[in-house]
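Working notes for the structure below.
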Amino acid sequence: MKRRTFLKTTTLAAAAAFATPALVRASSDKTLRIGTITPGSHFWTQTMDRVGTSMADKSGGTFKTQIFPSGQLGNEATMIQQIQSGGLDMGFLTVAEFSNRLDDMAALFTPYLVQDVGRASKLLTGPTATGMLEQYKSLGMKGLGFGLGGMRHLISREPGLTSADLAGRKYRITPFAPLRDFYELMDVAPTPVPLPGLFDALANGQVDGADIDLELAWKLKLYDQAPNLTITSQMMFPVVAVVSGKYWAALDDAEKQMLSQAVSEQIDWLFAQYVEFEPKWLNDLQGTGMNVTTAEPGFFGDTISEWNAIWEPKAPSIAPLRAEAKALA
Ligand code: BEZ
């Protein structure tokens with residue numbers, strides 16, 4: 001194994017010291033630098049912290065890792081460019097952002113592919129999803145593994161019994177084409193709002209509701225402004241660990257295996273967190289007095305079949321993912 005200078009794993013709290021200059025370094029420095037959009041309290045960031053610790057342990061202290069959370073290096077589109085140029089080594093980034101570049105990634109957002117995070121974890125580590133990681137090569141990256149956030153639901157300022165009640169409303173979405181289509185098909189105005197601004201956007205009526213998971217509804221205290229929660233579980237919200245092609249090519253086989261294993265082990269930890277915490281967050285949200293209802297797929301009317309008609313031709317992995325999902329216990 002090549003020797004590397006190792007100090008310790010660092011989560012960088014302040015962006016200022018590591019703004020753009022952090023991406024300029026000597027070519028001999030192979031410290032693993034990882035960017036993510038989520039803050040330190042989010043399970044995705046914690047997963048990357050754990051990858052850093054694991055790499056230090058596995059390498060006997062020769063690997064140094066720096067985590068840049070909260071979009072310190074820019075938004076996800078910027079981080080993707082940095083990974084492509086080799087300026088950033090690794091990202092733990094939403095598959096949503098990649099679906100704007102790789103149409104087939106839309107398959108992972110197929111409505112009602114899986115019912116819950118337990119099954120989502122199995123599907124995201126199954127043969128079809130694992131094969132889909134190969135597509136990241138075309139972007140100059142090595143895809144190491146898919147993880148996930150919680151299942152997606154709807155919260156709103158006013159209740160809605162069917163998607164027809166939502167027509168004409170503005171809902172916050174993460175901006176990516178498959179989700180934009182889903183909301184437009186319901187005649188809802190999809191409105192991109194960055195997560196840190198969502199509480200205020202609901203408070204001041206910029207949006208009427210949001211496509212969200214239970215973790216964010218709880219941690220961002222969205223229940224204060226949007227007291228209606230419809231448990232729809234209509235989609236997964238996967239994340240992907242990608243390494244720059246340049247960084248990957250400079251690793252020897254043992255190091256590649258070490259990094260792949262560290263990521264895979266910590267993504268397993270991430271899956272376990274969502275399986276454990278989703279019921280707790282739901283319970284906590286119910287405890288706030290939220291109006292919580294559960295909706296069946298019929299809630300969305302024709303939207304699902306219309307979404308399928310648009311995306312099945314563009315995302316060939318939908319069919320094999322459906323077949324695999326069907327076989328999951
Ligand atoms: C979202 O845009 O909803 C989101 C972003 C990062 C992690 C989880 C959710």
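Derivation of every value follows stated rules applied to the coordinates shown; laboratory data play no part. Predicted, not measured: the structure shown is a model, and the values here were computed from it. In this analysis, Cβ positions are derived from the backbone assuming ideal geometry, glycine residues included, and neighbour counts consider all displayed protein chains.
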(request) Stick to the Cα atoms of the chain, pair each with every other, and give me the Kirkwood hydrodynamic radius in Å at one decimal. (result) 20.4 Å
(request) Take the alpha carbon gyration tensor of the range 211-329, find the square roots of its eigenvalues, order them as a ≥ b ≥ c, and report rounded if a/c is under 1.5; if not, report prolate when a/b exceeds b/c, else oblate. (result) oblate
(message) Beyond a 29 Å Cα-Cα separation, which of these cross-linked pairs lie in this structure: LYS122/LYS170; LYS137/LYS219; LYS58/LYS142?
(response) LYS122/LYS170; LYS137/LYS219
(message) Using amide H atoms built in the peptide plane, which far-off residues or other-chain residues are under 5 Å from THR38 H to H?
(response) SER70, GLY71
(request) Using the Karplus curve 6.51 cos²θ - 1.76 cosθ + 1.60 with θ = phi - 60°, work out ³J(HN,Hα) for each residue of the range 316-324 in order, rounded to whole Hz, and write x for Gly and Pro. (result) x, 6, 4, 4, x, 5, 4, 5, 5
(request) For the range 295-309, just list the computed ³J(HN,Hα) in residue order, Karplus coefficients 6.51, -1.76 and 1.60, θ = phi - 60°, integers in Hz, with x standing in for Gly and Pro. (result) 10, 8, x, x, 3, 8, x, 7, 4, 5, 5, 5, 4, 4, 5
(request) With the Cα gyration tensor of the range 114-225 in hand, give its eigenvalues times 5 under a square root as the equivalent ellipsoid semi-axes, listed largest first in whole angstrom. (result) 29, 15, 15
(message) Give me, ordered by chain and number, the residues 5 or more places off THR191 or on other chains with an amide H under 5 Å from its own placed amide H.
(response) TYR171, ARG172, ILE173
(message) Taking only the Cα atoms of the range 266-324, how large is their convex hull per residue, in Å³?
(response) 142 Å³
(message) If a paramagnetic tag sat 7 Å from the Cα of GLU312 along the Cα-Cβ line, which residues of the range 124-138 would have the backbone N under 17 Å from that point?
(response) none
(request) Using only alpha carbons, build the gyration tensor for the range 112-176 and give me the equivalent ellipsoid semi-axes, biggest first, whole Å. (result) 32, 16, 9
(request) Return the long-range amide H neighbours of GLY147 (sequence gap of 5 or more, or a different chain), with a cut-off of under 5 Å between placed amide H atoms. (result) VAL239, VAL240, ALA241
(request) Provide the per-residue ³J(HN,Hα) series for the range 63-71, in order, calculated from phi with Karplus coefficients 6.51, -1.76, 1.60 and θ = phi - 60°, each as a whole number of Hz, with x at glycine and proline positions. (result) 9, 9, 10, 10, 9, 10, x, 6, x
